[in-house]
């Protein structure tokens with residue numbers, strides 16, 4: 001069965017090095033928390049807020065060992081007034097036997113504010 005695994009992270013500035021580093025950190029943490037093998041990933045969609053344009057976050061995923069064949073696509077989030085700035089969101093479609101409620105969605109840095117109901121474990125990781 002395919003399940004969606006969500007994650008989000010913020011960066012302090014739109015700088016290519018930081019965007020790539022934090023995207024990689026988020027994807028690796030999502031994989032670790034859910035015991036995801038890249039062979040089980042059907043696809044990954046990464047969105048950024050419109051204030052991020054210095055790098056394609058998908059590039060970070062392609063640099064992770066054994067992830068270079070995983071289909072990854074980038075897009076921008078809707079530009080809603082008052083939304084969280086400098087935010088990278090990941091939706092990973094994964095073949096898994098885990099029940100929906102057993103999926104660990106990962107929110108790091110300021111992104112923990114997006115889903116406080118799902119972020120309790122992520123807050124520990126961020127520190």
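The values are calculated or read from the model by the stated rules, or taken from the named source; none is laboratory data. From a predicted model like this one, the values you see are computed outputs, not experimental measurements. All Cβ positions, even for glycine, are placed from backbone atoms using ideal geometry, and neighbour counts span all protein chains on display.
Side notes on the structure shown:
- Any pair with Cβ under 6 angstrom, 6 or more apart, that starts in region 80-103 at a residue that is within 12 Å of residue 50 (Cα to Cα) and ends at one that is modelled with pLDDT of 95 or more and in a loop (DSSP other than H, G, I, E, B): 85/49; 85/51; 86/11; 86/51; 87/49; 88/57
- Restricting 60, 111 to those that are under 13 Å from the mean Cα position of the chain (by Cα) and over 19 Å from residue 41 (Cβ atoms) reduces the list to 111.
- Of the residues making up region 1-35, those that are buried (at least 20 other Cβ atoms within 10 Å of the Cβ) and under 18 Å from residue 97 (Cβ atoms) number 4.
- Criterion (under 17 Å from residue 115 (Cβ atoms) and surrounded by 12 or more Cβ atoms within 10 Å (Cβ to Cβ)) met by exactly one of 43, 54, 83: 83
- Verdict on residue 61 being in contact with a helix residue (DSSP H, G or I) (Cβ under 6 Å, 6 or more places away or on another chain), more than 20 Å from residue 10 (Cα to Cα) and surrounded by 12 or more Cβ atoms within 10 Å (Cβ to Cβ): no
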